[in-house]
1. For chain A, go through all pairs of different Cα atoms, get the mean of 1/r, take its inverse, and jot down that Kirkwood value in Å.
2. I'd like the per residue volume of the convex hull spanned by the Cα atoms of segment A:1-54, given in cubic angstrom.
3. Cα centroid distance between segment A:232-304 and segment B:158-176, in Å?
4. Lys and Arg at +1, Asp and Glu at -1: add these up for the other residues within a Cβ distance under 14 Å of A:A351 and post the number.
5. When the accessible area of chain A is computed with all protein chains present and a 1.4 Å probe, what percentage of it is carbon and sulfur?
6. Do any trypsin sites (Lys or Arg not before Pro) in segment A:265-369 lie in a loop, going by DSSP, with at most 13 other beta-carbon atoms within 10 Å of their beta carbon, and if so which?
7. So, R0 is 41 Å and r is the distance between the beta-carbons of A:A115 and A:T402; what FRET efficiency does that work out to, to 0.05?
8. So in segment A:177-414, what percent of DSSP beta bridges are antiparallel if you round to the nearest 5?
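The values are calculated or read from the model by the stated rules, or taken from the named source; none is laboratory data. Source: prediction; values computed, not measured. Ideal geometry is used to build each Cβ from the backbone, glycine not excepted, and the neighbour counts take in all protein chains shown. Keep in mind that these areas ignore ligands, DNA and RNA; they rest on the heavy atoms of the full protein, side chains included. Shrake-Rupley method; radii C 1.70, N 1.55, O 1.52, S 1.80 Å.
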Amino acid sequence: MSASDLPPQLDTRLQTVQAGSTILLRLPNGDTKAVKIDKDSTVSLGRVGGFHANDLINEPFGRTYDIVDKKLVLVPPRTLAEVEDTDATNELINDGEFVQPLTLEEIQALKQSGAHASEIIKMQIEQHANYSLKTEYSKEKYKKRKEAKFVHCFRSVTFMNHFSDTRKTFTTIEPTLFNVCDYWFNKDQTRIRDIRVDALSQMLNLANIRPGGKYIAVDDASGLVVSGILERMGGSGRLITICSTDSPPSYPVMVNMNFKTETVAPVLSSLNWATAMRDYTPVGPPVDLPSDQIKSERQKSRLNKRRAASDLLNGTREELFAGEFDALIVASDYDPYSILEKLVPYLGGSASIVVQSPYVQILSELHSKLRSMPGYLCPSVTEMWLRRYQVLLGRTHPTMNTSGTGGFLLHAIKVYVV
Amino acid sequence: MWSTAREIAAGDTVIVWLASPFPTSSILHQTRDFIQPLVVTPGKDFNSKYGNYRHSDFIGMPFGSKVGSRSGKGFIHLLRPTPELWTMALPHRTQILYIADISFIISYLDIRRGSRVIEAGTGSGSFSHSVARSIGPTGHLWSYEFHEARAQKARDEFTQHKMSDFVTLTHQNVCKDGFNLTDAADSVFLDLPAPWDAVEHAKQALRKDRTTRISCFSPCMEQVLRTVSALNDAGFIDITMYETLIRPHDVAQVPVLQPISDMEEKLKKSEEIREIKRLRQIAAKQKTDESAHGEKRKRDDGDDEQEAEAVDGEDVGSGKKLKTEDDDEMADSTPSRDVVNGSSSSRGPAVAFAPPLQKISVSKAIVEVRGHTSYLTFATLLPPMPGASPPASSEDVAPLDSVST
């Protein structure tokens, strides 16, 4: 079957940069930054410079640009360069020796005279006493380090804005679930409860998230879990989240996903821990007043508004209480057992239960409780392990620094007790 | 795909869970002895060491039911199939992918509702089912298998699991003959012995109007290096590689650890008892020596040790008795093997001094874990640069203004 025979493809999120998007940019020093793209505005990358937002609108993700006079110039993607190997070793290179005659003052003066970063680095290399002794790998590293440093230097020097010929580049990052999770994990891993992308992926698979499914989620991980579930549901099915705020929950990670409205609106509803209880009765005056008691149009419209909100709430409550959900996913700051006690009754038979915690102790404790309960089939605790490699021709090895933890998961299947 | 109805119907695939509800290892590490797929066929029987069952009795039961055998001995659970359970239960025709790699690849390749995905080879279909679940009926999976019998088996399975509408299986060697697709797929997954031979074909099959991705699954580093070169030559960027594993934990409940002062008391007491006993035995020996030359004639002071051992032995015996009582107590509240094991191994004779038992939950990674599956190599293919003639050299820059007009 060829692609042209297929029905038109459905997209859960935008495929190009659009006005109003919040997109991720990779900066020359490797940092990732989130910026809002507003029409006719100037996007400031602080130290790297600023550019006209309109230049990015309708562009596909993943491209690299130079900022030249606030305009964007497309840079072709870089491929891996093969580094020539030599016999060089560090046999004759000693630490602490005077190798760089170019002083800090001289470098500052060069910068102020308007010299390009690459020229300064070239001079540094020429004057470096031991540069020729270095291996080709080491030379590459040296150049890279200097390049990154100069970008930093330029950032701290405000007059660099006048350096029109300086290469100030960035790359747009497609807001895939993987990239957004990675961004948050590096930015502030505690705000997403240590959920590394491998853990998130396993949670979504273990919970059997699919288009058309019905799920309950408790997400105190800034909305990362909710984002993952919504992405995999693709606008079809139902997701009820239970939150601990009385106003609708703010799931900041969702902003970075750039979901279309039709991906979220028909799928997601939220209750809180009070409204999710069967014995909840709303506090406040009744919304149904006999018509002779309604004194003004204003009161009438206010009542209508409140009635609509109350109907919506009751509808969601009824849906929850009707049960038969396909999975429960919990990443919460509260006692997981107390959460399961409240929500597992709304799961269907054979439904998946996935509980995440940054701490194995929390899940061990939960595991011990569930083991004695016949309604939970095969509770199991797992830990994630992930290692990334630097892949450069002739220089492939695991990265020297890596994340120590991606959190822990408990998984069980709900079964009926005879 | 599989039934989403509440109750089991004739013709449904169910996963039969044969083990105890609380096996010692995690569900992700069960052997196929405990998890078996079954197509409910009225008239057929299901016989196992956990009892005999009639398929027709399953019909109308909700998924997730516990079913007792006809003889009353043994029981099974009937589960709704998921790709994860299918991975555990499926008939192996090849080495298969497991959840850690599968879920990671699906995330990296950005596979979601509506995605169009290529996979080669199909193998035992472990990855295929997971992709099918994620893309749903609005997506499409093109799956290629070069082994004819395996291809036919996979095709039958996909039909049985109602995936044929959106999964196309082709019996073809993609390294030689490619994918017969152009600008069609959002992502490609290659689980082949020589993925580098399929890289150019993959590039052709990937669509060029948006960012697309490729993943290669290879157990050996030498394969990775060749693949990386091929990807680089074909113009893929952001080439990166990961390894991911799962470490299952064993959870046990153990009593709160005793303070060492308990041991101090215990040792003091045992020393006192030993001294009393020694004195008693010396006295007894003297008595014997006085009366006659007995069997213990050759003993001297050095034999104290032996005596002490005897004393300790007695003491341990009494400790054991105490422990057994404790175990029964615990077994009443929590019928868990680990509790018993934990207590008998970690509790010394000091139990005589212990306050009422308090337990803590502890966990450690299981003794033997999977240490390597494969290296996951990923790369990205960007839409061609506007107006750029491929392949662009690194010096070329195209101002956006000039191309947008």
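1. Kirkwood radius, chain A: 25.8 Å.
2. Taking only Cα atoms, segment A:1-54 has a hull volume of 130 Å³ per residue.
3. 44
4. Within the 14 Å Cβ shell, the charges total +3.
5. 51
6. Listed in order of number, the matching sites are A:R278, A:K295.
7. Numbers: r = 38 Å, r/R0 = 0.92.
The calculated FRET efficiency here is 0.60.
8. Details: 14 of 33 bridges.
Bridges in segment A:177-414 are about 40 percent antiparallel.
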